[in-house]
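Notes to accompany the following structure.
Just so it is clear, none of the values below were taken in a lab; they were calculated from the coordinates. Since the model is a prediction, treat every value here as computed from it, not as a measurement. Every residue, glycine as well, gets a Cβ built from its backbone with ideal geometry; the counts of neighbours run over all protein chains shown.
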Amino acid sequence: MASPPEWLVSPAPVAYPEALTAMENRVDEIIANTASEKIWLLEHPPLYTAGTSAAPAELKDAARFPVFETGRGGRYTYHGPGQRVIYAMVDLRERGKDLRQHVWRLEEWIIRTLADFDITGERRPGRIGIWVTRDGREEKIAAVGVRVRKWVAYHGLSFNVNPDLSHFSGIVPCGISEFGVTSLHRLGIKATMPEVDAAFKRNLSALLPEA
């Protein structure tokens, strides 16, 4: 197994094109066996990203925030302050070359992290991401989107700590209109971003079992 992954937390919002370039460069290095896996925790300025399955009609307000095409799977999603984005650059050559299992592990990582805050996160058939139930209604608290190149996976997940949830109204989040979105703070958990980061780090073994 390769060396332990680098764990990086960016203290200031990172522009999306800058993050994408940095990820692509790190993936090249991992493929060449010149760098370790990397877990990068950051926030973005308000923006929308379009995955490979995004439908134009799902972008309801194209003028609201910048829109970026991305090669990850999935549809439209929102990123912005108060949302923890985690880009996981993971070498699947060392982990079974199983992309579905990698997505499952990302989801499991979120579920275990939510459990640290006494919140039950669940998968739903046909819906990527993690869901919670609030006042009898299912709402999404975390999204997952992955790209893979030469069996190195990147992109990762977004986890709503305390973003402005009204910003999701400019899109149909992940192409699902019948369910809403929520956050830790909306659920009554006033956790800080460092507290959330610490929980993800405690549960990293869910994503990287040999870490």
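General observations
- Extension gain for ILE31 to TRP104 (0.36 nm times residue separation, less C-alpha to C-alpha distance): 24.0 nm.
- Phi to ³J(HN,Hα) by Karplus 6.51 cos²θ - 1.76 cosθ + 1.60 over the range 39-52, Hz, x for Gly, Pro: 10, 10, 9, 7, 10, 10, x, x, 6, 10, 10, 10, x, 5
- Which of LEU165, VAL152, GLY136, positive extreme of dipole for the range 134-173 (C-beta unit charges): VAL152
- Residues listed by number, the range 16-49, amide nitrogen under 20 Å from SER3 label point at 7 Å toward C-beta: 22-41
- 3J(HN,Hα) from dihedral phi, the range 63-80, Karplus parametrisation 6.51/-1.76/1.60, rounded to Hz, x for glycine, proline: 8, 6, 9, x, 10, 10, 6, 9, x, 6, x, x, 10, 7, 9, 10, 10, x
- What the phi angles of the range 137-146 give under the Karplus curve with 6.51, -1.76 and 1.60, with θ = phi - 60°, is a coupling list of 10, 7, 9, 8, 10, 8, 10, 10, x, 10 Hz, glycine and proline written as x.
- Where labels lie 7 Å past Cα in the beta-carbon direction, separation of ALA15 and SER169 in nm: 3.0 nm
- In this simple spin-label approximation, SER205 and GLU24 carry label points 7 Å from Cα along the Cα→Cβ vector, and these lie 3.7 nm apart.
- Gained length - ALA198 relative to SER53, 0.36 nm times residue gap less alpha-carbon distance: 48.9 nm
- Take each peptide in 92-100, 181-189, count the other Cβ atoms within 10 Å of every residue, and average; sorted highest first, the result is 181-189, 92-100.
- Rounded to the nearest 20 debye, the dipole magnitude of the range 1-107 is 300 debye, with +1 charges on Lys and Arg beta carbons, -1 on Asp and Glu beta carbons, and the Cα centre as origin.
- For the range 37-108 versus the range 125-167, the inter-centroid distance based on Cα atoms is 8 Å.
- In a DSSP loop and with at most 13 other Cβ atoms within 10 Å, the trypsin sites (Lys or Arg not before Pro) in the range 130-179 are LYS150.
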